[in-house]
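> Would you mind keeping the following structure in view while I ask a few things?
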Amino acid sequence: MPSQPGKPSQVEGSIAIAHAIAACRPEVICAYPITPQTHIVEALARMARLEQLGNCQYVNVESEFAALSVCIGASASGSRAYTATSSQGLLFMAEAVYNTSGMRLPVVMTIGNRAIGGPINIWNDQSDSMALRDAGWIQLHAENNQEAADLHIQAFRLAEQVNLPVMVCVDGFLLTHAFEQITLTDQEKTDAFLPPFEPIQALNIEEPMSIGAMVGPEAFMEVRYLNASQFDESLEPIQSISEEFAALFGRSSGGLFEHYHSEAAQTVVIALGSVNGTIKDVVDNLRDEGASIGSIKISAYRPFPAAQLREALSQAERVIVVEKSFFSGIGGPLFNDVVRSLENSGIAHYSVIGGLGGRAILKKSLIEIFRNGMEESLEPLSFIDLDQKVITRELLRQRAGSHGK
Amino acid sequence: MTTSTVEFHQTGDLTAGNRLQDEQQASRQSTQQRFNSLTAGHRACQGCGEALGARFAIDKVMELTGDRAFVVNATGCLEVFTTPFPESSWNVPWLHSLFGNAPAVATGVAAALRAQGKSDIRVVAQGGDGSTVDIGFGALSGMFERNDDVLYFCYDNEAYMNTGVQRSGATPPMARTATTPIAGANPGNPFGQGKNMPLIAMAHGIPYVATATISHLRDLEAKVAKAMEIRGARYIHIHVPCPLGWGSEPADTVKLARLAAESGLFPLFEAEHGEVTDSSKIRRQVPVEEYLKLQRRYAHLFGKSADAEGIAAIQKIADTNIRRFKLLREEE
Amino acid sequence: MAFNPPYAITLDAGSSLANKTGSWRTEQPLYLDRLPPCNVSCPAGENIQAWLGLTQEGRYREAWEEIVINNPLPAIHGRVCYHPCEDSCNRTSLEQPVNIHAIERFLGDLALQEGWPLPTPAEASGKHILVIGGGPGGLSAAYHLRQLGHEVTLMDAKPAAGGMLRYGIPAYRLPRDILDAEIERIQRSGVHIKVDTSIDNLANTLHDNRYDATFLAVGAHVGRHIDLKTDQSVPLTDAVDFLNGMESSPSSPSLGNRVVVYGGGNTAIDVARTAVRLGAEQVTIVYRRTQEKMPAHAFEIEEALEEGVELRALRTITAITDGKLQLETMELDADGWPQPSGGSETLAADSLVYALGQTVNAALLQGYPQIEVAADGTISVDERMMTAAEGLFAGGDMVPADRTITTAVGHGKKAARHIHHYLNDQQLQPRAKHETAEFDLLNTWYYPEEPMRSQPLLEMQQRTTTFNEVLDGLGELSSKLEAQRCMSCGNCFECDNCYAVCPDNAITKLGRGNRFAIDYDYCKGCGLCVEECPCGAMKMVPEIG
């Protein structure tokens, strides 16, 4: 290992995440390899093989569906369980994703965010975790690898406190494969921060119970309501846990969202994940020019901190939502969440889509978009560095019909 | 089979028990202290073979573990009729997740127990033929190849009964289901399809594979006992007639299981590490008609438009099994 | 751990007991006791299944005590009863019947060997009953009356009691020590037996001595004859006299070297086999119909043939001339009756023994004009076994019925019970009979194939030269295991099948000896328990209410 805990060192993001997971003393780790999640689980497999994870069982399985299913079994047996996946893998386990939250099992899963196919694409965007944003999992997004590591520690604490599963979303390659100065997780502090898992329900000999009943019309609505209300009430612990974490570890990460010169700015850029780093640079540049601009990094995407965000934007005139996922029909999901938060506020809102399938989001492109926004000349929906020539040509061809040349 | 020799000639070990026998020699099901892992009040149809098979199997597991076992259940009839809110019929620690993931969930349970240092608690998983041979096949195969410490019970009633009797990969040739109707030139389920899960299980080289049936209770229990002596992935495929899906009389459920075994259509055998080690010999061989004619799913083989060729083709399956698994007693 | 499971998703174990699935039922199972065919067919009314059940468990004394509730002569019956129980045994449809008589013999012999006494009679009633005839009917009546507390005097004309048991059945079938021991045991129970006491006129006897009731069972000891054209060149004897003579003075009778027995019943066989043992070189049975139609039991015919007896079936004897019998050959008509076929043959003989049936000598009833005597000497009795004379009951061979010792024992028992009620001015109420457990009510899958255990036979040399008992007994283990072949038709033997195969756990096991109960709260009425009951001790009935 490149460094001892407590002091920053140059580490790949996946390794830092693996160390954080290890410090959380999981009992069962189960994953199926998929780029770009692989380095995380490879590191954990190695630690397990070297018996650095105590009694932790590392299980190699035949699919992501099995991987999360193993975690379901482990969690329902009262064990702390972890998995990681990306893209297609998340979709393949989708049924189990819903099942985990529906059964109130506090599994923690890393998403190495990656585009979903087809066409197949292994590079970063966030359409995978976005596709399952409403599956009842808490979703925390990391801006950098220190956050990525630290959010996992908070994720276990949170999951086991509210009895809901948590996804920690980490941009594939951009974070997972990036080497950064990272302080590896301190075991002693982690132990102080994260108590042993005490399940609200578990397979056990003393008090046999039947977990996973069939629930009919007479109770299903209530089950859904109760689940959703627990989900919504998780915002408070997300915040308090992040504060507690900051106090103990001396590093701040997570919470609901984070201001960057945005409290009094007229224009506020809102984004998830690693693109916030670039956005902050651009904000700095524009502020140096005298612009009233700031940014908000959303850490807790699910549940969405709508009321808190609306309050935080009370001084803003416009928001520009930059996001790395785009769905036919709804467009950018983050934008939709933000708009819903700002209903009747009179604040103008722009949706900016970029970075799909791994395309780089360049500072100069963002500068141009933000300037346009501040000048009210930005389209309601715009795409960063879209090749208009290709679009124009292909639209023509497409509209000529499937048999057209 | 590893059944015990019973010094009792009235029924030997063919009945569940007997007033003249030691309780040690009796089946678990005949004892007053049987666990009733699956208790009364469940919503299975009258004469449900699966309810019976599950109680037989899990009760034996509970006996052998001193009531220290966890049960993972796939979606299906068994899950639906035992745990509709607000009542559960299970007296054992029981977990249901999804249709296709029971083996993986069980792997997770076993892994957790190992991590917790509670490997004395044993893990069994169970599902119907649909979840086992079709939708959960990948997960089961994975559990097998990893040799996870799970005993998996497949309760085979030869179709998707819970959804209204549709064809599964375990549906036998010519059987009528809602998706293999009596229509067209080749009515019922086609020949040459379907999979033999016990043989596939054996191909994984796992330590123990067996077939069992609810009509041969002691044989079933002996196989569970054998399986529980072993660690690693184990598979027991239990034939459980379904009055609803097969169109049979509820009272005939055990009889049908018996006829399936005695005709050779459902061979009873054991295998270790991929090799057949033993088979239960047929006691009173019957032609397949005896079995088929009690089931309305085969009604098109009989009556006005009787299909002698069809019956002969099914007989051939039985004959092949008899040869392949050496189901007849050797002439002395 | 303190759990706090989520609503509805996680349920309490075993909570479905709140769901009473019994409401689904349209038919309900019931336990019942059906009559096993063996019991139904036993002329002595033995509860055969019950004593087989006790034997299965090695409870031999209780088994024997169960027999003597109905029949005080198990060792005798185990040898010479023609066991209709075995003919009706459902096991016959599977492979072979249970060897019931051999087990009865084992128990009977064991009782004699161990000296087990008959039950202590009830308190003295003060009544005195006369039994006339010391055959099986008289012995049975005397025993049962004594059991009921009455004083009983049994009179027999012969030097020893036993009737046909002694004077009709050869010793190689019924050793006399066994016969003596079982009679003596009845005597020890308090019956006064007066032998050599011939009654010529019953009315006079009863006039001179006060008895509260009388049971008459003098048997049928008169051999039936036919008119045969004979030149007297072959001496004629009848079977009754011959067998009687064998017992009275065993050395005296001689039939010569070539003996012909005429008739096809068991008596004919007894005579033929006795003749073999007496040294006859050629013993021939002539019978007018086929071997299959012979009234004698097949196994006895077989044993006789093994011993060298020759059978000339489908022949009648038409005349005796020059030391030869003239035989006419017969054939069976469509109804199975013999008709002359036109052929004839001769058969040289030193003697001819008639074994053509027996009639009753009812001369002692001369003082009872109200009692009608049929041509064959039999007298009729009512359903209480009482003759037309008040207080005079009769049974055995002298009343119209099957002439077997077991029928006679049954008569004796029945008469005793009616006499008892008659003395108390009561009518014995017939009990409602349970239905019979027919073979198709059984699920025979559960009975493993297990051939009958046969009794060893005496070696042939001894069989043909001595009167030693031909059949040996079954040993203890064999008897016990043979008893375990009993399928317990119609009566629960606690195999636990119903309890095991109920998918709804709706059957409660009440513990050894206490059988089972159905929990109708949960029974869905599927009928599996009834179908899988091996012995037909359950049935489905429409749901009540």
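> Rounding to the nearest 10 and keeping the result within 0 to 90°, find how far the Cα-based axis of helix A:13-23 lies from the longest principal axis of chain A.
Value to nearest ten degrees: 30.
> How many square angstrom of accessible surface are buried between C and B, both sides summed, with a 1.4 Å probe and rounding to 100? Please list the in-between numbers first.
Numbers: alone 25200 and 14710 Å², together 35140 Å².
So the buried area, both faces added, is about 4800 Å².
> Going by a 1.4 Å probe on protein heavy atoms, which residues of region C:472-516 end up with at least 50 Å² less accessible surface in the whole assembly than in their chain alone?
Buried by the other chains: C:Q484, C:F493, C:Y499, C:A500, C:P503, C:N505, C:K509, C:R512.
> Distance between Cα centroids, region C:417-446 to region C:124-179: provide it in whole Å.
Comparing the Cα centres of region C:417-446 and region C:124-179, I get a distance of 25 Å.
> On a 29 Å Cα-Cα criterion, which of the cross-link pairs C:K20/C:K539; B:K118/B:K255; B:K226/C:K524; B:K118/B:K281 come out too long? Intermediate values should be presented prior to the final figure.
Working: C:K20/C:K539 22 Å; B:K118/B:K255 41 Å; B:K226/C:K524 33 Å; B:K118/B:K281 39 Å.
From C:K20/C:K539; B:K118/B:K255; B:K226/C:K524; B:K118/B:K281, over 29 Å: B:K118/B:K255; B:K226/C:K524; B:K118/B:K281.
> Could you state the angle between the C-alpha long axis of helix C:136-147 and the longest principal axis of the C-alpha atoms of chain C, as a value from 0 to 90 degrees rounded to the nearest 10?
Long axis of C:136-147 versus the principal axis of chain C: about 50 degrees.
> Heavy atoms of the protein only, probe of 1.4 Å, neighbouring chains included. What is the accessible area of A:L44 in Å², nearest 10?
Spelled out: A:L44, probe radius 1.4 Å, area about 0 Å².
> Rounded, prolate or oblate for region A:31-94? Axes are the square roots of the Cα gyration tensor eigenvalues, ordered a ≥ b ≥ c, and the cut-off for rounded is a/c under 1.5.
It comes out oblate by the Cα gyration axes.
> Keeping every protein chain in place, order C:R515, C:R485 by accessible area at 1.4 Å, biggest value first, i.e. largest first.
From most accessible down to least: C:R515, C:R485.
> Quick one: check the C-alpha center-to-center distance for region C:1-67 versus region A:235-252, whole angstrom.
66 Å
> For a quick check of your reading of the filter: which GluC sites (Glu not before Pro) in region A:315-364 sit in a DSSP loop and have no more than 12 other Cβ atoms within 10 Å?
Passing both the DSSP loop test and the Cβ count: A:E343.
> What are the radius of gyration and Dmax of region B:188-280, computed over its Cα atoms and given in Å?
Spelled out, the Cα radius of gyration and Dmax of region B:188-280 are 14.1, 41 Å.
> Still on this structure, please answer the following. Can you spot the aspartates and glutamates whose alpha carbon is less than 19 Å from C:K509's alpha carbon? Ignore those fewer than 8 places along the same chain.
Counting by Cα, and skipping residues close in sequence, C:K509 has these aspartates and glutamates nearby: B:D13, B:D22, B:E23, B:D59, B:E63, C:D33, C:E494, C:D496, C:D519, C:D521, C:E531, C:E532.
> Enumerate lysine pairs in region A:276-405 that are 8 or more residues apart or on different chains, then count those whose Cα atoms are under 14 Å apart.
Summing the qualifying lysine pairs gives 4.
> Moving on to the next point. Which lysines have a Cα less than 23 Å from the Cα of C:K127, not counting those fewer than 8 places away in the same chain?
Cα-Cα hits under 23 Å: C:K194, C:K413, C:K414.
> Interface B/A, total buried accessible area with a 1.4 Å probe, nearest 100 Å²?
2800 Å²
> What lysines does C:K229 reach when the alpha-carbon gap must be under 22 Å and sequence neighbours fewer than 8 apart in one chain are set aside?
C:K324
> Related question: Are there GluC sites (Glu not before Pro) in region C:472-545 that DSSP puts in a loop and that have at most 15 other Cβ atoms within 10 Å, and which ones?
Counting only loop positions with at most 15 other Cβ atoms within 10 Å, the GluC sites (Glu not before Pro) in region C:472-545 are C:E543.
> Taking only protein heavy atoms and a 1.4 Å probe, what accessible area per residue, in Å², does chain C have with all protein chains in place?
In whole numbers, chain C has 41 Å² accessible per residue.
> Regarding chain A, what is the average projected area of its C-alpha convex hull, in nm²? Write out the running numbers ahead of the final one.
On the way: hull surface 90.8 nm².
Computed as one quarter of the Cα hull surface, the answer is 22.7 nm².
> I'd like to verify something in chain B: which complete DSSP H helices, judged by Cα projection on the helix axis, reach 20 Å or more and average at least 0.0 on the Kyte-Doolittle scale?
Counting only whole DSSP H runs, the qualifying helices are B:49-65.
> Taking a probe of 1.4 angstrom, what is the accessible area of B:V80 in Å², to the nearest 10?
Roughly 40 Å² of B:V80 is accessible to a 1.4 Å probe.
> In the P(r) worked out for the protein assembly as shown, what percent of Cα pairs fall beyond 60 Å? Don't skip to the answer; put the middle values down first.
On the way: 336332 of 821121 pairs.
Distances greater than 60 Å cover 41 percent of the Cα pairs.
> Counting other C-beta atoms within 10 Å, and keeping those with at most 12, which DSSP coil GluC sites (Glu not before Pro) do you find in region C:219-297?
Working: sites: C:E247, C:E281, C:E292; in loops: C:E281.
Answer in residue order: C:E281.
> At 222 nm, what helix-only mean residue ellipticity would chain C give, in deg cm²/dmol to the nearest 500, using -39500 (n - 2.57) for each DSSP H run of four or more?
About -8000 deg cm²/dmol.
> Per-residue HN-Hα couplings for region C:15-31, Karplus 6.51 cos²θ - 1.76 cosθ + 1.60 at θ = phi - 60°, whole Hz, x for Gly and Pro?
Along region C:15-31, the couplings run 6, 5, 4, 5, 9, 7, 6, x, 5, 6, 6, 10, 10, 10, x, 9, 8 Hz.
> Tell me the angle of helix C:100-114 to the major Cα principal axis of chain C, expressed in degrees between 0 and 90 and rounded to the nearest ten.
Result, in degrees: 80.
> Where both partners of a DSSP beta bridge lie in chain C, what percent of those bridges are antiparallel, to the nearest 5?
45 percent
> Rounded, prolate or oblate, given the Cα gyration tensor of region C:281-408, with a/c below 1.5 counting as rounded?
prolate
> Additional query: Find the Rg to Rh ratio for region C:428-482, where Rh is the Kirkwood radius over alpha-carbon pairs and Rg uses the same atoms.
Rg/Rh for region C:428-482 comes to 1.23.
> Continuing with the same structure: Where the eigenvalues come from the Cα gyration tensor of region B:35-324, what are the semi-axes √(5λ) of the equivalent ellipsoid, largest first, in whole Å?
31, 20, 17
> Compute the orientation-averaged projected area for region A:257-390 from the convex hull of its Cα atoms and round it to one decimal in nm².
Average projection, Cα convex hull of region A:257-390: 7.9 nm².
> If you don't mind, there's one more thing I want to ask. Over the protein assembly as shown, what percent of the accessible surface lies on carbon and sulfur atoms, probe 1.4 Å?
Heavy-atom surface of the protein assembly as shown belonging to carbon and sulfur, 1.4 Å probe: 50 percent.
The values are calculated or read from the model by the stated rules, or taken from the named source; none is laboratory data. If you're wondering where the values come from, they're calculated on a predicted model, not measured in any experiment. Reconstructed Cβ throughout: ideal geometry from the backbone, glycine too, with neighbour counts over all protein chains shown. Ligands, DNA and RNA are excluded from the accessible area calculation, which covers all protein heavy atoms including side chains. Shrake-Rupley method; radii C 1.70, N 1.55, O 1.52, S 1.80 Å.
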